[in-house]
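The numbers here are math on the coordinates, done by the rules we state, and not lab data. Everything numeric in this text was worked out from a predicted model, so none of it was measured. Because the Cβ atoms are built from the backbone with ideal geometry, glycine has one as well, and the counts that use them run over all protein chains shown.
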Amino acid sequence: MSDQAPAKTRKIFSWAAVPMPLKRQLVAVSGKSVGGRPESALTADLWARYGARPGVAAFSRGAMGAVLLEHWIPTLTQRELEEIESQLSHVDRQALRGRSKADKVAYLRKRNITESYRVILRDTFLARYRVDQPVATGGTRVISLPAVEEFIGANANGHELHTHQVEAHAALDAAITLNRRRTDTGL
């Protein structure tokens, strides 16, 4: 027996775990040629286009969303379909209850792509293609840039601030300005 403890891991999304046919379809819909390209090149293209983890906006009826609705939804297991169903609105759950897998897939394909539905699709997609990644033990923990972007919402669409938010930001900026007669920040 070895004295080393088993390495800790955690599951995170990886484009490398996405099946090759789905990768080909996602790259092809972006307008790039896929014929004869190695899997690593397709993975790099997906990473460059959508980032380490695709944002919620990618799951609309645009390029990625259309491919997922047409080719990926039918590959989901009954359990994954039930998980999606459990997160949908009451009306949608009633419409799906007791139906066959084919009927559920058809319903999910034609359903309106609301913000909440995009989040559900994204969560299911990311959960399906997770792989074990080693976790650093000991020392200082370094947070990866994709994790920081995900946390602060860098992948999300920006929005204009409301009037009260603009006023609050201006008040904070004014409060933080350096008071030349004192050495502190004036707070």
- Residue by residue through segment 69-77, the couplings from Karplus 6.51 cos²θ - 1.76 cosθ + 1.60 with θ = phi - 60°, in Hz, x for Gly and Pro, are 5, 7, 10, 8, 3, x, 7, 5, 6
- Low-density loop cleavage sites - trypsin sites (Lys or Arg not before Pro) in segment 61-99, where at most 12 other Cβ are within 10 Å (DSSP): ARG61, ARG97
- Query: Which net charge results when you count Lys and Arg as +1 and Asp and Glu as -1 among the other residues whose beta-carbon is under 12 Å from that of VAL131?
  - Reply: +3
- Query: At LEU172 and LYS32, where each label point lies 7 Å from the Cα along Cα→Cβ, what is the point-to-point distance in nanometres?
  - Reply: 3.8
- Straight-line reach from LYS11: which lysines have a Cα under 23 Å away, not including same-chain ones fewer than 8 places off? LYS23
- So how do 23-30, 128-135 stack up, highest first, on mean other-Cβ count within 10 Å? 23-30, 128-135
- Rounded, prolate or oblate (a/c below 1.5 giving rounded, otherwise prolate when a/b exceeds b/c) for segment 1-102 by Cα gyration tensor: oblate
